[in-house]
Each structure stands twice: as structure tokens, then as C-alpha cells.
Amino acid sequence: MTSGHKHTYRRLKKEIDRSAQYVWFHAASLGEFEQARPLIEAVRREHPAYKILLTFFSPSGYEVRKDYPLADIVCYLPFDTRRNVRRFLDLASPQVAIFIKYEFWYNYIHESYLRQIPLYLVSAVFRPNQFFFRKSGLQYRKVLQYYTHFFVQDEASAQLLKDHHIQQVTVAGDTRIDRVIEIQKEARQLPVVEKFADDSPLVFVAGSSWAPDEEIFIDYFNSHPAMKLIIAPHEIHESHLAEIEQKLLRPCIRYSQATEENARQHDCLIIDCFGLLSSIYRYAHIGYIGGGFGAGIHNLAEAAVYGIPVIFGPNYGKFREAHGLIEQGGGFFIDNKVAFNRQMDLFMSDPSTRIQAGEKANAYIFGNAGATSKITRHLSL
């Protein structure tokens, strides 16, 4: 990251078109980029005269998307010092700035305000325990006044801002919902996975799983021969893959070793590469989303868009879509093996319950689409 920062100013000097107008998108990492992507595509489609500047803070975002074709320039965002900010804005001179979800770099925000660059925060979520809203947070809260407009995910966030005299806010929802719908439309056909899942009465796909997740669902899988399992672990280094294989008591094969001929001979398929999970969910009857026994669950909407019930661990409090799916009847949180086994027993013994839950999950996703169009209608372009 530090090395990448050194090249930012050189790239901007070389590549910025002084005769063009730029819309600047900033995403901290890869997840935020997926929320920005529907907006970038909309700007490209609806305002083709503008060019796109895309910045990242994290290498996990930049290294994966540095060649993103819809952006004219992709670079790191230099650290938030007054000197860096002024140098960056002098070079980039954006017409509009769009930050994604949780981006509160004081100098970038304040300097954009002083230069009268419209600055938007999209897909944002606010909670009472954030430092802006504490008694000691008055100085921090001032930075919120410098944004041109907030597009928040829910009414609670909007009300919290208004309670603190911040009125420039619209409830638009989460642009990531629009993105997962597009991903579903573009889902790849995976012949090996299709052969593996073919004719199975129940295919369980565990996405972005960690060891605590695997302890729970592998134990159930081992004792239920009617069920087939696809595991796409969050970490695919050799020691973790070997650990998974040791826990499995039924025939398993890694995706890199599977063929259309041998896939059906195994009960568990371990995905040992990245980039397939969003397409793999199309073959599932039930989805399990990992991370809920750690820092937090991963992308629920990516699975729910296929009309399958989603199960996840207890650390879901900060995730609006988890609450929404639970309320709708398409999402189910578990906090131990007993709860997981109970939920799975219900789905296996009564398939109609599983099917209805999947329909409710799908209804939640499509019922919350449209954030992108709400936001683009308000942009100063």
C-alpha cells in the first residue's frame, strides 16, 4: 500500500485529462467496490461525457480491481494529511466525489467542501454508538456537515442523522443489492459443479467459511448421507484445505482435481480457488454464509438472490440484510451445533418449509432493489 501511494501522484500527472470532467469514486476495499460498481456503470451509461477516477485504500481492493475497465484511472488514495489531500485534489480536480459506506477522512472531506466539490456518501449505515454521536463526539460530528448528501441504507440511519441536525439525507437502500442481481443474471455455468450436484435431493453450499463454521456444518454433513456439500472456504491455503479434508468422513474432492466424470463420485466438493462462489450458489438448495462466529458474516445477498434460505452465525448485528432476511423469513441465525442441527432437520424433513424460506429470501432481495437509480437521480451531473 505504501509503495502504491508513491505512484499515485505520478499516475495522476501523467494520465489525468485536463479537458475532461471526472467523477471520483472512493472505495476502501473490494466489498465497498462492489457497492460502487452499479453506480459506476450507471454513470458510464447515463453520463458518458464524464470520466471515472477510482481510488482504493486497501491493497485487497486495488490489487484485484486495478485493471477495472470502466474506470479511466485506478489508484491508491494517499494518506489523509493536508499536504497529500491538496496535492491529490489539485491533480485530480474531480467534478463530483462519491465515497462508499464508511469513509470519513477529515481532510479529504473538508478540503472538498472548501473547493465546492459535491461530496456524497452512499450505502451508508449509522448507529448510535459511533463516535459521531457520543457526548464527546461534537468535533467529529462536524465532519458530517461537509457532505453534500447522505444516501443511507435504512430509516434508522436517516433518523439518527436528523436527530443531530443533519438534514441532507435520503433513504436509498444498499447498492450491493443491485449488484448481486446483476451478478445473478451473469452467473457462469460450471459443468463440474453441475455434474456434482446433479439429482441430489439437497445441495448445501457453505460460502466464505472459517474453521468455527466448518466445525458445525461438517459434523452434520458426515452423518446425513442424503446431503451433498460444497465448501468455498474464506482461506484456501494448503493447511486449511488439509484441515477440512481431515474432518470429512465422506468422499471429497477439490475443485482443481475434479472433472465432469469424477465429480459425481464424491459427496463433498471443496472450492480451492477464488471467483466462483457467486455462480456456485445457483446450484444450492441451502446456503450457509461464513464469518458469523468471528468478525462478522460475509455477503448474504449473494446467496439469497438465488431464492435459497441462508443460515449464518450469531455475529450479524451490523448487517442490515441479515435483520431483513430474518424478519422476512428467509434468513436464519444459529449460535451453536444444536441450533444448526435443529434448523437443518426441519429443512430436510419438510422440503416445503425450505422452499418457502427460499422464496422469502428472494422476495427480500428483489424488494430492496433500486438504490442505484435513486442515487443517480440526485447526483450533480
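Quick note: the coordinates plus some simple rules give every number you see, no bench work behind them. Everything quoted here is computed from the prediction, not taken from an experiment. Neighbour counts run over all protein chains shown; Cβ positions are idealised from the backbone, glycine included.
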Surrounding charge for Ser58, neighbours by C-beta under 15 angstrom, Lys/Arg +1, Asp/Glu -1, total -2
Using the 2.2 N^0.38 Å rule of thumb for compact globular proteins, work out how region 315-378 stacks up: its C-alpha Rg over that value, please.
-> 1.39
Unit-weight point scatterers at every alpha-carbon of region 185-361, Debye formula, q = 0.19 1/Å: log10 I(q)/I(0) is -1.34
Excluding same-chain residues fewer than 8 positions from Lys51, which lysines have a Cα within less than 19 Å of its Cα?
-> Lys13, Lys14, Lys66
If you rank Ile297, Ile73, Ile375 by fewest surrounding Cβ atoms within 10 Å, what's the result?
-> Ile73, Ile375, Ile297
Cross-link partners among lysines for Lys135, C-alpha distance below 25 Å, same-chain residues fewer than 8 apart left out?
-> Lys101, Lys162, Lys318
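Which value, in nm² and rounded to one decimal, describes the direction-averaged projected area of the C-alpha convex hull of region 146-220?
Projected over every direction and averaged, the Cα hull of region 146-220 covers 9.3 nm².
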Going from the fewest other Cβ atoms within 10 Å to the most, one would list Tyr146, Tyr22 as Tyr146, Tyr22
Among (i) 42, 28, 17; (ii) 40, 23, 19; (iii) 35, 23, 21, the value of semi-axes √(5λ) of the Cα gyration tensor in Å computed for this structure carries the label (ii)
Using a 4.7 Å Cβ cut-off, which Cys residues in the chain lack a partner cysteine?
-> Cys75, Cys273
Starting with the fewest neighbours, write out Asp163, Asp198 ranked by other beta-carbon atoms found within 10 Å of each beta-carbon.
-> Asp163, Asp198
Enumerate the aspartates and glutamates that Lys142 could reach by cross-link, defined here as Cα to Cα under 20 Å, with residues fewer than 8 away along the same chain left out.
-> Asp80, Glu103, Glu111, Asp163
Listed residues Phe104, Phe319, Phe274, most fluctuating in the chain (Gaussian network, C-alpha, under 10 Å) | Phe274
Grab the other residues whose beta carbon is less than 15 angstrom from that of Gly358, score K and R as +1, D and E as -1, and report the net.
-> 0
Determine the dipole magnitude for the chain: charges of +1 sit on the beta-carbon of Lys and Arg, -1 on that of Asp and Glu, nothing else is charged, the reference point is the Cα centre, and the result goes in debye to the nearest 20.
-> 2000 debye
Placing +1 on each Lys and Arg Cβ and -1 on each Asp and Glu Cβ in the chain, then taking the dipole about the Cα centre, the residue among Ile365, Thr148, Phe33 whose Cα reaches farthest towards the positive end is Thr148
Over region 96-217, what per residue volume does the convex hull of the Cα atoms give, in whole Å³?
-> 188 Å³
Report the one residue of His7, His234, Ala322 whose Cα lies farthest in the direction of the positive end of the charge dipole of the chain (charges on C-beta: Lys and Arg +1, Asp and Glu -1; origin at the Cα centre).
-> His7
Taking every pair of alpha-carbon atoms in region 90-131, give the share separated by more than 11 Å as a whole percent.
-> 69 percent
DSSP beta bridges in region 185-361: the antiparallel percent, rounded to 5, is 0 percent
Kindly express, to the nearest 10 degrees and within the range 0 to 90, the angle between helix 30-46's C-alpha long axis and the longest C-alpha principal axis of the chain.
-> 60 degrees
A correct Kirkwood calculation over the Cα atoms of region 38-119 returns a hydrodynamic radius in Å of 13.6 Å
Find out how many positive minus negative residues lie around Arg134, taking Lys and Arg as positive, Asp and Glu as negative, among other residues whose Cβ is under 13 Å from that of Arg134.
-> +3
Any idea what angle helix 211-222 forms with the longest principal axis of the chain, computed on alpha-carbon atoms, 0 to 90 degrees, nearest 10?
-> 30 degrees
Long-range amide H partners of Ile98 with built H, under 5 Å = Trp24, Phe25, His26, Tyr120
